[in-house]
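One structure below.
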Amino acid sequence: MTSNQTISALIKSKRKQLKITQPQLADKAGVGLRFIREMEHGKTSLRMDKVNQVLLLFGMELGPVPVNRKKLIDEKS
């Protein structure tokens, strides 16, 4: 995953690499199809536990990521 790749793009890309459908991914991850669709479309408010259920299938999980605080401050100015 590149630093600017979104979770939605990552999930969609990984799913397509595995040649599975959204319903198949939802079933394998134990989440609803609607959740997969919302996640792939970039919904900004998702339950972290469910996102982790999906990411676990790809050997990943959500976690804290260091950010460049100076860059954040500069972008807000």
Legend entry - Which numbered condition V51 misses (of (1) modelled with pLDDT under 95; (2) open to solvent by less than 50 Å² (accessible area, probe 1.4 Å); (3) among the aliphatic types (A, V, I, L, M)): (1)
Inset, instruction - All but one of (1) assigned to a loop (DSSP other than H, G, I, E, B); (2) hydrophobic (A, V, I, L, M, F, W, C); (3) in contact (Cβ under 8 Å) with a residue 24 or more places away in the chain hold for I11, so report the exception by its number. - result: (1)
Legend entry - So L62, is it open to solvent by 100 Å² or more (accessible area, probe 1.4 Å) and either in contact (Cβ under 8 Å) with a residue 24 or more places away in the chain or under 12 Å from the mean Cα position of the chain (by Cα) (or both): no
Inset, instruction - Kindly list, by first and then second residue, each pair from a residue in region 30-59 that is within 16 Å of Q5 (Cβ to Cβ) to a residue that is open to solvent by 50 Å² or more (accessible area, probe 1.4 Å) and polar (S, T, N, Q), limited to pairs with Cβ atoms under 8 Å and residues at least 6 apart or on different chains. - result: G42/T6
Inset, instruction - Scan region 45-77 residue by residue and report those that are of a type in the set (G, A, S) and farther than 17 Å from S8 by Cβ. - result: G59, G63, S77
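To keep it simple, each residue is scored yes or no on (1) outside any helix (DSSP H, G or I); (2) open to solvent by 90 Å² or more (accessible area, probe 1.4 Å).
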{"residue": "A26", "(1), (2)": "no, no"}
{"residue": "V31", "(1), (2)": "yes, no"}
{"residue": "S45", "(1), (2)": "yes, no"}
{"residue": "K70", "(1), (2)": "no, yes"}
{"residue": "D74", "(1), (2)": "no, no"}
Legend entry - Unique residue being polar (S, T, N, Q) and modelled with pLDDT of 95 or more when the list is T44, T2, T21: T21
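The values are calculated or read from the model by the stated rules, or taken from the named source; none is laboratory data. Note that the structure is predicted; figures quoted are calculated from it, not measured. No Cβ is skipped: glycine too gets one built from the backbone with ideal geometry, and neighbour counts run over all protein chains shown. Remember, those area values only see protein heavy atoms, side chains included, never the ligands or the DNA or RNA. Shrake-Rupley method; radii C 1.70, N 1.55, O 1.52, S 1.80 Å.
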